[in-house]
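One structure below.
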Amino acid sequence: MKNFICFHLLIFIFMPLLYAAAQTDDSTYIPSDTLITEQPIDTLSIKDSLKKAFLNDPARLKIVELINTVNDKSASIDLLHSENVIKIKASSIDQAGDIEIKVKRNDDIWFRISGSFAMISKDAFIAHFNRKKFIYFDNLNDKVIEGPTTSDNIGYILRIKCTFDDMMNVMSGACRIVYTDSDTLKTETDKLNTIIIIKNGKKFVKYWVENNSQTVTKYAYLNAKFRETLSVSYSNFVKAGSGNYARKIEIYKPLSGEFLRVFNETYTLNNPSLDFKVTYPDDTRKVFWSK
């Protein structure tokens with residue numbers, strides 16, 4: 001009996017040593033200094049590769065080539081000075097008058113609206129916009145407003161809300177197609193046009209490019225229900241430089257019935273002496289908008 005107890009006691013004492021020895025001799029054991037670890041995934045490289053593939057897709061490159069051709073033609077309508085007839089219809093106004101326009105692509109727009117639009121003999125207002133800020137002289141109310149160029153502020157002055165690029169496209173009589181590297185580009189065709197579709201999140205714009213002239217005759221923003229929310233149409237084209245200048249342009253909001261229509265009567269191009277200054281009396285009340 002004593003021998004039996006001693007035997008078990010020895011087993012109990014030496015079992016951990018035997019177990020450690022067994023582990024050391026196991027052929028599947030890998031020393032800590034030779035452990036195989038997974039390499040981290042380089043997500044940055046993957047994103048770069050995907051972006052390059054996206055941007056260099058042959059179908060996309062073909063669309064970009066067409067966009068560049070359209071924009072090159074539009075770029076020749078530059079340093080523009082024109083005198084025109086304007087009609088504006090919105091919830092608070094329905095009048096026609098005269099508008100003088102000066103445009104420097106793609107940064108400056110100056111205009112003066114006068115005549116019957118103001119319902120008096122003097123100028124209704126003068127405004128100068130660039131991409132960052134604007135100055136607007138409302139001499140009917142004897143005040144000057146300065147602030148940032150936003151769609152809301154453009155809408156306050158023109159009575160129809162749109163982007164600076166939309167205003168440039170209307171006032172210049174020639175459309176420049178705007179897109180970014182993150183936009184998805186597709187095309188459709190009809191009998192006369194290649195229709196460029198640009199999408200990105202909520203952004204959904206279609207440009208109708210006339211095949212023979214490679215000039216935009218219309219573009220429109222669409223909502224999730226594929227309904228046009230704002231469109232800009234061009235007609236009565238005349239040749240100007242390497243591009244085409246529209247004598248009639250209309251910006252229209254179908255859902256509200258608002259529109260702004262410009263009929264270009266006389267124009268000159270490539271005038272380097274254009275002055276974009278807004279002049280007003282020294283005692284005019286000044287208002288500054290922060291947004």
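Nothing in this text is a laboratory measurement; each read-out follows from the coordinates by a stated rule. No experiment lies behind these values; they were computed from the predicted model shown. When we count neighbours, we look across all protein chains shown, and the Cβ atoms used for this are built from the backbone with ideal geometry, even at glycine.
The table below gives the values:
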{"read-out": "Relative contact order, percent, segment 49-288 [alpha-carbon distance under 8 Å, six or more residues apart]", "value": "22"}
{"read-out": "All lysines inside 16 Å of residue 52 as judged from Cα atoms, apart from same-chain residues fewer than 8 positions distant", "value": "62"}
{"read-out": "Positive minus negative residues near residue 152 (Lys, Arg vs Asp, Glu; Cβ under 10 Å)", "value": "+2"}
{"read-out": "Spacing of the two label points (7 Å from each Cα toward its C-beta) at residue 263 and residue 238, in nm", "value": "1.4"}
{"read-out": "Length gained when the stretch residue 47-residue 130 is fully extended (0.36 nm per residue, less Cα-Cα span)", "value": "26.4 nm"}
{"read-out": "Rel. contact order, % - alpha carbon contacts under 8 angstrom, at least six apart, segment 175-291", "value": "12"}
{"read-out": "Reach of residue 239 by Cα under 21 Å, taken over lysines that are not fewer than 8 positions away in the same chain", "value": "73, 102, 104, 218, 248"}
{"read-out": "Sequence of 54, 259, 125 once ranked by neighbouring C-beta atoms within 10 Å, starting from the fewest", "value": "54, 259, 125"}
{"read-out": "Neighbourhood charge, 12 Å Cβ-Cβ cut-off, centred on residue 283 and excluding it, Lys, Arg +1 and Asp, Glu -1", "value": "+1"}
{"read-out": "Residue 61-residue 191 pseudo-label distance in nm [points 7 Å out on the Cα-to-Cβ vector]", "value": "3.5"}
{"read-out": "Chain lengthening between residue 213 and residue 270 when straightened (0.36 nm per residue, less Cα-Cα)", "value": "18.4 nm"}
